[in-house]
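A.B. asks: Let me begin by handing over the structure; questions about it come next.
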Amino acid sequence: MRYALMVGYDGTHFSGWQRQKKGERTVQGEMERAAEKVFLCPTRVVASGRTDAGVHALKQVCHLDAETSLPAEKIAVCLNLVLPPDIRVYKSCTAPETFDCTRGTKRKTYCYRFYTAETEIPVLSRYAVRISEAPCLDLMRQAADMVRGKHDFKAFCAAGSSVKTTERTIFDVEIGAQTEKLGTMYEIHVTGDGFLYNMVRILAGEIVAVGLGKGTENLKRALETGERSLLSKTMPAKGLMLESVEYDVPLFGTQEV
């Protein structure tokens with residue numbers, strides 16, 4: 001039987017989602033070790049997509065196949081008993097036999113967080129990146145407007161990707177800021193039908209650069225030509241979090257995950 005899982009993890013001490021041949025600590029590796037203890041046999045755990053080293057997930061969606069007498073909703077509890085504390089399964093449920101959490105994805109939302117402060121703030125710096133100069137929200141939103149819709153995002157893909165097409169659709173980009181005691185926290189929420197390797201981190205880097213006065217001409221040309229060199233640096237992984245994944249089939253008692 002196929003089961004779906006809603007999973008969250010702190011990516012700080014992981015070499016990404018995917019199991020590595022060299023033995024690095026990965027989320028998939030820990031999930032599969034836990035599943036083998038629960039189901040007493042090797043069990044493959046598949047995710048909606050791979051997250052890179054250091055990237056976090058609030059609501060990742062996974063699936064696995066298992067023969068078990070455990071009630072579906074109790075699988076989450078059993079996995080949490082043997083998982084390390086930086087991974088938790090929030091919910092588990094039965095899924096259609098044809099459900100594929102990777103191929104069936106319709107929308108994903110990521111959030112990139114950064115803050116401005118005179119020095120690093122330890123309680124923020126695990127999940128956000130510090131920059132020294134405050135960017136202009138209006139300018140960042142101008143950049144966001146340019147990437148909405150369907151485009152060839154070749155310029156926003158890091159080297160090493162083997163995807164068949166670099167066309168993706170960005171449904172929305174929302175940018176907000178909140179002033180705190182020691183600085184200002186900024187959030188860039190990006191929702192799309194899929195993302196290329198490092199795409200959100202590259203996109204965040206360019207939006208921040210535009211907010212700091214770079215202008216939008218290079219962004220426009222990068223979308224037209226696919227030249228990565230026109231864009232700014234890739235932002236660090238620790239500021240990125242997978243926030244949600246959506247499907248056409250209802251999961252966990254609601255259609256929205």
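The values are calculated or read from the model by the stated rules, or taken from the named source; none is laboratory data. If you're wondering where the values come from, they're calculated on a predicted model, not measured in any experiment. Cβ atoms come from the backbone with ideal geometry, glycine included; neighbour counts cover every protein chain shown.
A.B. asks: Looking only at the range 1-57, which residues are assigned to a helix (DSSP H, G or I) and hydroxyl-bearing (S, T, Y)?
C.D. replies: Passing the criteria: only T12.
A.B. asks: Hey, does the range 63-80 have a residue that's in the same structural domain as W17 (by TED's automatic domain parsing), within 18 Å of the chain's Cα centre (by Cα) and either surrounded by 14 or more Cβ atoms within 10 Å (Cβ to Cβ) or part of a loop (DSSP other than H, G, I, E, B) (or both)?
C.D. replies: Yes, because at least one residue in the range 63-80 is in the same structural domain as W17 (by TED's automatic domain parsing), within 18 Å of the chain's Cα centre (by Cα) and either surrounded by 14 or more Cβ atoms within 10 Å (Cβ to Cβ) or part of a loop (DSSP other than H, G, I, E, B) (or both).
A.B. asks: Continuing with this model, one more query. Checking the conditions here, which among S162, S132 is among the hydroxyl-bearing types (S, T, Y) and within 30 Å of T225 (Cα to Cα)?
C.D. replies: So the residue among S162, S132 that is among the hydroxyl-bearing types (S, T, Y) and within 30 Å of T225 (Cα to Cα) is S162.
A.B. asks: Identify the residue in the range 157-179 that is of a type outside the set (G, A, S) and touching a residue at least 60 places away in the same chain (Cβ under 8 Å) and, among all such residues, is farthest from I131 (Cα to Cα).
C.D. replies: Taking the candidates together, the pick is T166.
A.B. asks: Tell me yes or no: at least one residue of the range 216-224 is closer than 14 Å to Y110 by Cα and modelled with pLDDT of 95 or more.
C.D. replies: no
A.B. asks: (1) assigned to a loop (DSSP other than H, G, I, E, B); (2) touching a Lys or Arg at 6+ places or on another chain (Cβ under 9 Å): which one isn't true of Y90, the others all being true?
C.D. replies: (1)
A.B. asks: Right, here's the next one. Being among the charged types (D, E, K, R) and assigned to a strand (DSSP E or B) is the filter; apply it to the range 99-109 and report the residue that is surrounded by the most Cβ atoms within 10 Å (Cβ to Cβ).
C.D. replies: That would be K108.
A.B. asks: Further question: So which of F195, F171 is out of contact with any strand residue (DSSP E or B) (no Cβ under 6 Å at 6 or more places or on another chain) and either on the phi < 0 side of the Ramachandran plot or not small (G, A, S) (or both)?
C.D. replies: Criteria check complete, one pass: F195.
A.B. asks: Output the qualifying pairs, or none if there are none: Cβ atoms under 7 angstrom, residues six or more apart or on different chains, first residue in the range 237-257 and within 16 Å of L58 (Cα to Cα), second residue modelled with pLDDT under 90 and in a loop (DSSP other than H, G, I, E, B).
C.D. replies: As it stands, the answer is S244/V257; V245/V257; E246/E256; E246/V257, since those pairs meet every condition given.
A.B. asks: Could you please let me know if A95 is surrounded by 13 or more Cβ atoms within 10 Å (Cβ to Cβ), more than 21 Å from the chain's Cα centre (by Cα) and assigned by TED's automatic domain parsing to the domain that holds T26?
C.D. replies: The answer is yes for A95.
A.B. asks: Among the numbered criteria (1) within 29 Å of S125 (Cβ to Cβ); (2) buried (at least 17 other Cβ atoms within 10 Å of the Cβ); (3) at pLDDT below 95, which single criterion is violated by F252?
C.D. replies: Going through (1) within 29 Å of S125 (Cβ to Cβ); (2) buried (at least 17 other Cβ atoms within 10 Å of the Cβ); (3) at pLDDT below 95 one by one, F252 breaks only (1).
A.B. asks: Which numbered condition trips up C157, out of (1) at pLDDT below 95; (2) more than 17 Å from the chain's Cα centre (by Cα); (3) not hydroxyl-bearing (S, T, Y)?
C.D. replies: Only one criterion is unmet by C157, namely (2).
A.B. asks: Go through (1) over 30 Å from M1 (Cα atoms); (2) part of a loop (DSSP other than H, G, I, E, B); (3) hydroxyl-bearing (S, T, Y) one by one and return the number of the condition Y112 breaks.
C.D. replies: (2)
A.B. asks: Restrict the check to the range 216-226 and report whether at least one residue is assigned by TED's automatic domain parsing to the domain that holds D145, on the phi > 0 side of the Ramachandran plot and touching a residue at least 40 places away in the same chain (Cβ under 8 Å).
C.D. replies: yes
A.B. asks: While we're here: Are any residues in the range 122-147 more than 18 Å from the chain's Cα centre (by Cα), in contact (Cβ under 8 Å) with a residue 40 or more places away in the chain, closer than 17 Å to M235 by Cα and in a loop (DSSP other than H, G, I, E, B), and if so, which ones?
C.D. replies: Correct list: E133, A134, P135.
A.B. asks: Taking the range 1-24 as the region of interest, how many residues are among the acidic types (D, E) and closer than 15 Å to V89 by Cα?
C.D. replies: 1
A.B. asks: Additional query: Filtering the range 225-257 down to residues that are of a type in the set (D, E, K, R) and within 16 Å of Y110 (Cα to Cα), which residue is farthest from the chain's Cα centre (by Cα)?
C.D. replies: Here the answer is E256.
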